[in-house]
Amino acid sequence: MTQKTHIHPARSGKQLCLPPQNRGFMTHRTSRSPHGGHHRARRLLAAAPVAALLFGGLLPAGSATAAPPAAADPGPTAAQGAQVPYTEYELEDGDYQGTLLTADAERTFGHTNFASESSGRSSVRLEKSGDYAGFTSTVATNSLVVRNSIPDAPGGGGQEATLSLYADGQFVRKLDLSSQHSWLYGNTDDPEGLTNTPGGDARRLFDESHTLLDKSYPAGTRFQLRKDDGDDAAYYVVDLVDLEQVAPPAEKPAECTSITEYGAVPDDGKDDTEALQAAVTADQNGDIDCVWIPAGQWRQEQKILTKDPEHRGEYNQVGIRDVRVVGAGMWHSQLYTLTEPQDAGGINHPHEGNFGFDIDDNTQISDLAIFGSGRIRGGDGNAEGGVGLNGRFGKNTKISNVWIEHANVGVWVGRDYSNIPELWNPADGLEFSGMRVRDTYADGINFTNGTRNSSVTDSSFRTTGDDSLAVWANRYVKDPATDIGHDNTFAHNTIQLPWRANGLAIYGGYGNSIEDNIVSDTMNYPGIMLATDHDPLPFSGETLISGNSLHRTGGAFWGEAQEFGAITVFPASQDIPGVVIKDTDIHDSTYDGIQFKSGGGAVPGAKISGVTIDKSNNGSGILAMGGARGDASLTDVTISGSRDGDVLVEPGSQFTITGGPQAAR
């Protein structure tokens, strides 16, 4: 990491403007083992000029109309990414007095590398009193989200500190920051091997603070984050800010009944689980038509589920059904917990935690937030982070405008058939939209156990600790011949800064698609991956990757011995047929643009068309590794600025690439 301390005036062209939005975690899945091999010797098929392309731009983090980045990087098209209601600002691109942190050439991860974990791979460190990071807003706002890192407590467990907010030179308020949910230690890439106990190298360095302001500030306001007297953290690393004009709390729908009717009291710090569960049960039994969660902070210390009178299994794993839950808005109706899942008794399963909802069928949840108490994923004596939403999900379930933070997994869709066979009800037609999943220790949303015909759209993910979005067509189903994950869609989503694993991944199944997403700054794995590790049911038919925009993706993992491309196809144990990659832009990759890995299977008949790959910093445009088998055809593919050339096949490879790239215009 390079460091430079100075006073830095604002630069233009890198601010992100986002338009307003239209309004069982499974224990069978094991930690990932090394994939393929570290590539060294390579055979050049077609060479492009190796002149580096300089990108001034950050990745627009979920925009239909982002402010244009530097000319070398065309940025996303109008159809890509989520339509989010906030505007995002990279603090290193404003003016600051402090230390600019920038990543090394290989974006080294896992050794307390602040810049590698930063958006755009740069951030600002404030250390002395008077240090600041500032920017000028382009939209009106009454809220602020700051992605930041402050030191851990000496003995672990995090600390709280303040940072001063100014608007047009006037003090506004102290922002409350915390490191309680960040700082994992250890030199292993096995997530269960990490610890909250300080010592040695660290990762998962950042967290977020969100604040509703007392008034709205107009476009053109000059904001500063400043370390003042009383801001007592030894340092503050500030990465980005989201500004959003948050609407007032929504009114209660006439058909809904408030949880206050069942005894819940907002903002009093007392557990409201009993009232919340009673209201949901009343709706499930047909006594009321809808559950209303008014504006306020509501403490929840038990998962909302359905009591199992038959007491099947060690834990209650029966979800809710025929329920509608509505909040006053994700900024206003907030469920939170203070107890870490492993310390809570009487829950359905420690993995699934003591917050959120267990869903079996026909459930609609919207316009609220679920803030968990997770701090780790299975380390430190099986400490757990919990799951925001989990269960079978079934049919007619729709989740919209839900904000989830500090969970192990945001949403885990599916239960093993063997769990309670008579309740087998895989998700079919499940819809997620407008989701905001942040700061997890494992997946964002994972479709498992035969999920089919389901989608995640128009949603944003940031700092997930495993795949932000995944389809895992696992074998723990009723009938493997028919209960395979199929025809699922991840479209128009924005994914930033997964600190472990992929932006999007598909493990087996057929008819699944990844379309029109924006992925940026994966720290060690691909932006998009198709793979047959985790023993999935086979791939068949077509798997589509189309219309995506990838920036600064790929990385090195598994002891830094394995390099991953921005898009990686890994037939670990069986073939991956029917791969179609088209109309996708890949920029500023850490290693290769598209990578076909060695494995026990082949990748027959891959089709790549309309793809632009530029600046593969430490690799090639397209790579077939030495043990790769299969073939790919290229049509209208443009590659430039790759260190190791356009298309490379390592010695010994049985992979054929035909068509060749076009010259960059």
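Read-outs: derived from the displayed coordinates by stated rules, not from any lab. Being a predicted model, the structure only gives us computed values, none of them experimental. Glycine also receives a Cβ, built like all others from the backbone with ideal geometry; neighbour counts cover every protein chain displayed.
Summary table below
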| read-out | value |
| --- | --- |
| Assigned charges on the beta-carbon of Lys, Arg, Asp, Glu; the chain dipole about Cα centre (debye) | 1560 |
| Cα-based Rg of the stretch 277-491 normalised by 2.2 N^0.38 Å, two decimals | 0.93 |
| Cα centroid of the stretch 86-150 to Cα centroid of the stretch 287-321, whole Å | 40 |
| Rounded to whole Å, sorted largest first: equivalent-ellipsoid semi-axes of the chain, Cα gyration tensor | 36, 32, 22 |
| Computed over the stretch 508-594, the ratio Rg/Rh where both radii use C-alpha atoms and Rh is Kirkwood | 0.97 |
| Among the listed pairs Lys174/Lys270; Lys398/Lys615; Lys215/Lys395; Lys227/Lys615; Lys227/Lys303, those beyond 31 Å (Cα-Cα) | Lys398/Lys615; Lys215/Lys395; Lys227/Lys615; Lys227/Lys303 |
| Which of Thr464, Thr112, Thr532 has the fewest Cβ neighbours within 10 Å, and the rest in rising order | Thr112, Thr532, Thr464 |
| Relative contact order computed over the stretch 277-491 (Cα-Cα under 8 Å; 6+ residues apart), in percent | 15 |
| Nearby lysines by direct alpha-carbon distance to Lys582 (threshold 17 angstrom, same-chain neighbours under 8 apart not counted) | Lys607 |
| Order by protection proxy (mean Cβ within 10 Å, highest first), peptides 434-443, 167-176 | 434-443, 167-176 |
| Kirkwood Rh (inverse of mean 1/r, distinct Cα pairs), the stretch 324-410, angstrom | 13.1 |
